[in-house]
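As structure tokens, the structure follows; a few thoughts come after it.
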Amino acid sequence: MRYGAGMARSAQGEAPARIRPRWPYVGRPQILLAIAAPVTLIASFLPWLDTAPLGPIYGAAAGGLYTFYAGLVAFPGVIWRSPRVVAGHLLLLAVVDIAVPGWRLVWALRRLPGFGDAWLPSPGMLLLFVSGGVAAYAFAMLLPVASGQATPRTQGDR
């Protein structure tokens, strides 16, 4: 037997290489996290409340650092391969993005008179609510995969 022919036969007899999925590793929820995390980072410093007598109240002075830190912590979930870890990042982002601006909105409703006339929610607060809703939706999509009841979708399944 020649050396080259024997090597070709032995290479054919080996198991095929395992094909690893490309990004997004856990499917559409990871894409939604890649959108929601940067939106959270930006919206944390935008105005949250627009008041007529005082002007805008920016997120950095109204709890925006908590949402900014949540966006920073959630961002590595974009490149993680484990569905459970990505689900944890999504849950953290959803809870913080809804709870912190919600707390600030309830505070404003109780303390500031004249909703609609004297003050309104601004784009930063609204973007955080939307980003938190997107993260909650992505978490709900990923929950069966993270609990082991389903498999993550790969590129060929779409």
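A few remarks follow.
- For first residues located in segment 141-156 and over 16 Å from residue 33 (Cα atoms) and of a type outside the set (Asp, Glu), partners that are outside any loop (DSSP other than H, G, I, E, B) and modelled with pLDDT of 75 or more and lie 6+ apart or on another chain with Cβ distances below 7 Å form the pairs 150/144; 151/145.
- In this entry, residue 117 is excluded by the filter for residues that are at pLDDT below 95, closer than 24 Å to residue 27 by Cβ and of a type in the set (Asp, Glu).
- Scanning segment 59-85 for residues that are within 14 Å of residue 108 (Cβ to Cβ) and at pLDDT 90 or above returns a single hit, 59.
- Of all residues assigned to segment 122-137, at least one qualifies as being over 24 Å from residue 26 (Cβ atoms), more than 20 Å from the chain's Cα centre (by Cα) and not in a helix (DSSP H, G or I).
- Looking only at segment 121-158, and only at residues there that are over 23 Å from residue 94 (Cα atoms) and of a type outside the set (S, T, N, Q), the one that is modelled with the lowest pLDDT: 156
- Residue that is modelled with pLDDT of 85 or more and within 21 Å of residue 126 (Cα to Cα), where the choices are 52, 37: 37
- Restricting attention to segment 75-116, the residues that are part of a loop (DSSP other than H, G, I, E, B) and closer than 22 Å to residue 140 by Cβ total 4.
The values are calculated or read from the model by the stated rules, or taken from the named source; none is laboratory data. Fair warning: this is a prediction, and the values are worked out from it, not measured in the lab. Positions of Cβ are generated from backbone atoms using ideal geometry, with glycine treated the same way; all protein chains shown enter the neighbour counts.
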